[in-house]
Structure formats: structure tokens, C-alpha cells
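The structure under discussion appears below in the form of C-alpha cells.
The values are calculated or read from the model by the stated rules, or taken from the named source; none is laboratory data. Remember, it's a predicted structure, so these values are computed and weren't measured experimentally. Cβ atoms come from the backbone with ideal geometry, glycine included; neighbour counts cover every protein chain shown. We work out accessible area using only protein heavy atoms, side chains counted, and drop any ligands, DNA or RNA first. Shrake-Rupley method; radii C 1.70, N 1.55, O 1.52, S 1.80 Å.
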Amino acid sequence: MRPGVLFDVDGTLIDTTYLHAVSWWEALRQHDRDVPMALIHRGIGMGSDKLLDHLLGEDRDTSDDEQMTTAHDILYGAWWERLRPLPGAADLVRAVAARDLAVVLASSAREPELKQLRRVLDADDVITAATSSADAEESKPAPDILQAALAQSDVDPERAVYVGDSVWDVQAAGKLGMPCIGLVCGGTSAAELRDAGAIATYRDPAALLTDLSTSPIAKIR
């Protein structure tokens with residue numbers, strides 16, 4: 001087994017968090033659910049099932065859930081060709097790989113969406129493995145997707161760090177005892193990420209790259 005770094009993708013490497021938020025906002029409005037966008041943003045990072053429970057309550061009528069999820073996917077899909085990487089994203093994963101660490105994309109995106117995210121990142125030559133929603137029974141903050149990422153990449157969980165942008169990322173890593181670095185480029189503050197258990201926080205991938213030699217990634221055995 002080898003050491004490695006697991007990366008969340010949405011909001012961590014690719015600038016998608018607010019596009020997901022506005023797409024969910026419109027999908028909910030189409031079904032007469034008026035939810036403030038700030039609340040939606042706070043839930044981004046969960047799977048669609050948990051997000052709807054989080055926003056609408058677990059005791060609601062769930063008959064429209066599939067239609068709302070489909071509406072979100074269609075609305076968000078309109079942005080695919082215009083997605084952009086966050087500052088320093090590709091350079092960061094390449095620098096991690098240059099340290100002889102496995103680079104693993106621990107994504108919960110659907111497979112077609114993951115293909116688009118990888119295209120935007122443009123660093124497939126250094127990626128060891130990548131997960132999609134099909135690889136996890138339960139979405140974050142459950143740790144399933146991280147467990148799948150470890151299994152697919154043969155990364156030693158005791159010599160791994162996770163990089164994410166939401167409290168759900170930090171909580172998922174915490175359930176495996178894996179240290180998590182928080183990036184605030186997804187819109188969650190450094191204080192919130194630290195309160196959730198992040199061991200370090202940075203503005204974006206470029207800032208983490210600048211401090212890579214002193215970051216928790218440099219301490220991986």
C-alpha cells in the first residue's frame with residue numbers, strides 16, 4: 001500500500017459549488033419549494049437524498065424528490081462546457097504526484113459529470129484513481145466514498161490526507177480518522193472548517209501549493 005492524497009472535486013478543484021446551489025434553488029422553485037440560496041449552499045457536498053432531507057425535512061412527502069433531482073441535473077448540466085478549475089488546481093495535483101504520492105479523486109459526482117470535471121482539471125496523467133456516485137452506498141457525511149477511493153487506489157489510510165471544501169468533507173474524513181485539509185474556495189469559512197475538524201485551512205489550491213512543503217501533505221510518511 002502506498003501513501004496518497006484524496007481530493008474532493010466539486011468546490012475543491014473545480015469551481016462548481018455556487019452553480020450547484022443555484023441549480024438546486026431553481027429545481028426546488030419549480031416544485032413550489034422556496035428555500036433561501038444560503039441554506040442550499042450550506043448543504044452542497046451532501047448527496048441529493050441527504051440534501052433534500054436537510055433542506056425540506058425528513059418527514060416530508062418525497063414523491064417529488066426524483067423530479068427535483070432530475071431538474072437539478074438538467075440545470076447544472078447547462079454549465080458543463082463553461083466550468084473552470086479553481087486557481088492552482090492542476091498544478092497542485094501534479095505537485096502532489098511529484099512527491100511520489102498517489103492522487104485520488106474522491107468524487108461523488110455521477111459518472112458523466114465526473115468525466116466533465118476531469119476534462120476541466122486536465123491532469124489525468126497523474127491521477128491514480130477516481131470515484132463516482134456509483135461507488136458509494138451512502139453519500140457524505142458518511143465516509144463511503146472515501147472508503148471506495150482508498151480501496152480503488154490501494155492507498156494506506158494511515159498515510160493519507162483528504163482535501164475538501166465543506167464541513168461534510170471534514171466530517172466524512174473524521175469518521176475514518178483521516179486528517180482533512182479544508183479549502184475555503186467552496187464558500188465555507190476557515191473557522192467553520194476548523195470547527196468541523198480540519199487540521200489546516202487554505203484559501204484555494206494555489207495557496208495550498210504555495211505552502212505545500214510545510215502543509216500536512218509534506219508530513220505524510
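Note down the relative contact order for the chain as a percent, whole number, built from C-alpha pairs under 8 angstrom at least six residues apart.
Over the chain, the number comes to 27 percent.
Leaving out ligands and nucleic acids, and using a 1.4 Å probe, what accessible area per residue does region 1-102 come to in Å²?
Per-residue accessible area for region 1-102 comes out at 49 Å².
What is the calculated FRET efficiency for residue 66 to residue 191, with r their C-beta to C-beta distance and R₀ = 41 Å, to the nearest 0.05?
0.65
Consider a paramagnetic label point 7 Å from the Cα of residue 32 along Cα→Cβ; state which residues of region 64-92 have an amide N under 17 Å from it.
64-68
Per residue, how big is the convex hull around the C-alpha atoms of region 24-122? Give it to me in cubic angstrom, could you?
Details: hull volume 11.8 nm³, N = 99.
Taking only Cα atoms, region 24-122 has a hull volume of 119 Å³ per residue.
Please list, in chain and number order, the residues 5+ apart from residue 163 or on another chain whose amide H is under 5 Å from its amide H, with Hs placed from the backbone.
6, 7, 8, 181
Nearest 20 debye, what's the magnitude of the dipole of the chain about its Cα centre given +1 on Lys and Arg Cβ and -1 on Asp and Glu Cβ?
So the magnitude is around 920 debye.
How large are Rg and Dmax for the chain when only the alpha carbon atoms are used, in Å?
16.6, 52
Put +1 on the Cβ of every Lys and Arg and -1 on every Asp and Glu Cβ in region 45-176; which of 71, 148, 96 then has its Cα farthest towards the positive end of the dipole?
My answer, from the dipole projection, is 96.
For the residue pair residue 59 and residue 218, what label-to-label distance in nm results when each label sits 7 Å from Cα along the Cα-to-beta-carbon direction?
According to this spin-label approximation, the distance is 5.3 nm.
With a 1.4 Å probe and all protein chains left in place, how much of the accessible area of region 73-151 comes from carbon and sulfur atoms, in whole percent? Display every interim value, and only then the final one.
Numbers: 1820 of 3720 Å².
Solvent-exposed carbon and sulfur of region 73-151 make up 49 percent of the total.
What list of whole percents do you get for P(r) of region 177-221, with Cα-Cα distances grouped in 10 Å bins up to the one holding the largest distance?
Histogram of Cα-Cα distances, whole percents per bin: 30, 54, 16, 0.
Which FRET efficiency value, to the nearest 0.05, is calculated for residue 73 and residue 175 with the Förster distance at 22 angstrom and r the Cβ-Cβ distance? Display every interim value, and only then the final one.
Details: r = 27 Å, r/R0 = 1.24.
Result of the calculation: an efficiency of 0.20.
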